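The structure appears below as structure tokens.
The values are calculated or read from the model by the stated rules, or taken from the named source; none is laboratory data. Fair warning: this is a prediction, and the values are worked out from it, not measured in the lab. Don't worry about glycine lacking a Cβ; one is built from the backbone with ideal geometry, like all the others, and counts go over all protein chains shown.
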Amino acid sequence: MILPIRAFGDPVLKKVAKDIEKGHPGLSELIADMYETMYEASGVGLAAPQVGKSIRLFIVDASPFAEDEELEQEERDFLKTFKRVFINPYIVEEDGEPWPFEEGCLSIPGIREEVKRQETIVLQWQDEKFKEHEEEFSGFAARVIQHEHDHLDGKLFIDKLPVLRRTMLKGKLRDISQGKTDAKYKMRFTPLK
Ligand code: NI
């Protein structure tokens, strides 16, 4: 089932999401719905708060990045199969030189801005079977995780922009919250006053 994606302005996007436990009601259905929703919107990542659930869960499928011919073959091969579910994820280490990339977000349609993030992370998380994992990620895989992980802490990529840039986007952001967007996927709006 395709779920409406919460637009900028929805208070759920500002909440710190809560850990979940094995047996969380409706979890496998929610994960399936989130994949359907993300693919419909042509996204590479989707966090549970974006569909109104304030729980520590996000999904990724970064295979579209594997088409990027500017990337090293090794990274493209990794991204091709980088489709995973992350439950209770926590970034425990972040390292390397911050590098810029123009990011977007399904909750903020029509806005893309350059965001700097560190190159490498170590992430701890659980999979759908609540098995523990710890792994190092870098490059685009790290970036997608950092972006989605921020959603679980109630943060959006625009929060990382310089104050002046953020101020310039204010009107556009208010418009989005009021439903003035040409996003081609289903959304739910909470207008900012
Ligand atoms: Ni996002």
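Screening segment 62-83 for residues that are assigned to a helix (DSSP H, G or I) and of a type in the set (S, T, N, Q) and picking the one that is farthest from Tyr39 (Cα to Cα) gives Gln73. Among the residues of segment 54-83, those identified as more than 17 Å from Gly104 (Cα to Cα) and either buried (at least 21 other Cβ atoms within 10 Å of the Cβ) or hydrophobic (A, V, I, L, M, F, W, C) (or both) are Ile55, Arg56, Leu57, Ala66, Leu71, Phe78, Leu79, Phe82.
Among the residues of segment 1-38, those that are closer than 19 Å to Ile111 by Cα and within 14 Å of the chain's Cα centre (by Cα) comprise Ile5, Arg6, Ala7, Phe8, Leu13, Lys14, Met38.
Note on segment 94-175: enclosed strands (runs of 3 or more DSSP E) holding 2 or more residues that are more than 21 Å from Gln73 (Cα to Cα) and within 15 Å of the ligand (Cβ to nearest atom) are 99-103, 113-117. If I filter segment 22-37 for residues that are under 25 Å from Leu173 (Cα atoms), within 16 Å of the ligand (Cβ to nearest atom) and modelled with pLDDT of 95 or more, do I get at least one hit? Yes: one or more hits.
Scanning segment 38-56 for residues that are in contact with a strand residue (DSSP E or B) (Cβ under 8 Å, 6 or more places away or on another chain), more than 14 Å from the ligand (Cβ to nearest atom), of a type outside the set (Val, Ile, Thr) and within 23 Å of Leu123 (Cα to Cα) yields Ser54, Arg56.
With respect to the stated conditions, Ser42 fails to be among the hydroxyl-bearing types (Ser, Thr, Tyr) and closer than 25 Å to Lys131 by Cα. Scanning segment 83-114 for residues that are farther than 24 Å from Glu136 by Cα and in contact (Cβ under 8 Å) with a residue 40 or more places away in the chain gives Leu106, Ser107, Ile108, Pro109, Gly110, Ile111, Glu113.
For Leu79, the conditions (1) within 14 Å of the chain's Cα centre (by Cα); (2) aliphatic (A, V, I, L, M); (3) away from the ligand (no atom under 14 Å from the Cβ) are fulfilled apart from (1). Here Arg84, Arg56 are screened, and the one residue that is in contact with a helix residue (DSSP H, G or I) (Cβ under 7 Å, 6 or more places away or on another chain) and closer than 26 Å to Leu13 by Cβ is Arg56. For segment 139-158, a residue qualifies if it is among the acidic types (Asp, Glu) and surrounded by fewer than 22 Cβ atoms within 10 Å (Cβ to Cβ), and the qualifying residues are Asp150, Asp153.
When you check Ile91 against the structure, is it over 30 Å from Lys180 (Cβ atoms), part of a helix (DSSP H, G or I) and under 15 Å from the mean Cα position of the chain (by Cα), yes or no? No: the conditions fail for Ile91.
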